[in-house]
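Worksheet for the structure shown next.
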Amino acid sequence: MTDPSATMNRTKEIKAFFNQLLVSQGEEGDIGFTSFRSVFNELMPIQQQRLQTTVGSQLDILLNEGSMISIGIAYRDPIMECIDSKINKQPDYELWNKYAQEYDRLNQLLNQTSKDIAEEFNGIPLAATIGGMASKVSHVKDYFGMVISHRVVAENSGVGWRGKNQLMIHEKYSCAIRFASIIVPYPLKWGEKSESKCGNCRACEEVCSFIKNRDILPDYRENCRKYIGFLGSKGIEKDVCGKCIKACYKSSTFREVFSLPK
Ligand code: SF4
Ligand code: SF4
């Protein structure tokens, strides 16, 4: 039988540890907790297999009482301006690439932070992302088995809601926040999944026809992958685009509410 006060204390300890790391890094972010089982049940079969391989013989314990920790680190406000900025009415790819570099920096930071938390609290870190894959796979589906969705972890933890652009929308940082996860073999104080708050907002659809037409395209994520490949040919590194992130942060219904660190 799990002791609720021990669960609460452990949750507080992990939060405090993460917040301390953020302060020492000079970053802002958020943390949430959910059950291992809820994430496992929502993953695609190919991702479930991957998770199974990652945790090995711990699977049964994790399904019974394990947790997943979602950690997010936010972008900084000025970097949003670099995305799809124009020079003489043409995209300034050099400036846009600064966003790609920041994406990479946040991933490195998240990878280290997830390792630090895992080490301190007997967990298994799941790295932020695998970069450089857009051009190495022939269809976006080939990518799914290589990763475990941090969005599913974040969504189940209640860290944000799933936006029309399919990203996690954090109530303060919009979707300008990157995530990593940690698996731990004990219960924590789990959050609750949030309903979408997008409502009538369409800012992300207005900047991306793939999002707008997602219901009629065979798989709009494949269009997104190809566009990211095109951006790669223009010198944008790390498989990023970011237009739907900028639109959400700067032009959505919530633009006055969202606030990234300066
Ligand atoms: S990343 Fe770019 S191409 Fe992909 S969905 Fe967002 S705006 Fe569209
Ligand atoms: S831009 Fe608007 S509709 Fe799109 S994800 Fe953000 S809040 Fe939701």
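The values are calculated or read from the model by the stated rules, or taken from the named source; none is laboratory data. All values reported here derive from a predicted model rather than from experimental measurement. Glycine also receives a Cβ, built like all others from the backbone with ideal geometry; neighbour counts cover every protein chain displayed. Surface areas here come from the heavy atoms of the whole protein model, side chains and all, with no ligands, DNA or RNA. Shrake-Rupley method; radii C 1.70, N 1.55, O 1.52, S 1.80 Å.
Before moving on, here are some points about what is shown:
- Filtering the range 49-83 to residues that are farther than 22 Å from F121 by Cα and small (G, A, S) leaves only A74.
- Those residues of the range 23-53 which are within 15 Å of A128 (Cβ to Cβ) and either out of contact with any Pro (no Cβ under 8 Å at 6 or more places or on another chain) or open to solvent by less than 10 Å² (accessible area, probe 1.4 Å) (or both), in sequence order: Q25, G29, D30, I31
- Taken over the range 163-179, the criterion of being within 16 Å of ligand 1 (Cβ to nearest atom) and more than 11 Å from the chain's Cα centre (by Cα) is satisfied by G163, K164, N165, S174.
- The range 65-81, residues that are within 27 Å of V184 (Cβ to Cβ) and among the β-branched types (V, I, T): I69, I71, I73
- Checked across the range 188-201, the condition of being out of contact with any Phe, Trp or Tyr (no Cβ under 8 Å at 6 or more places or on another chain) and within 16 Å of ligand 1 (Cβ to nearest atom) holds for no residue.
- Those residues of the range 207-257 which are more than 16 Å from ligand 2 (Cβ to nearest atom), part of a helix (DSSP H, G or I), surrounded by 17 or more Cβ atoms within 10 Å (Cβ to Cβ) and over 19 Å from the mean Cα position of the chain (by Cα), in sequence order: N223, L231, G232
- Residue match in the range 223-231 (condition: modelled with pLDDT of 95 or more and small (G, A, S)): no
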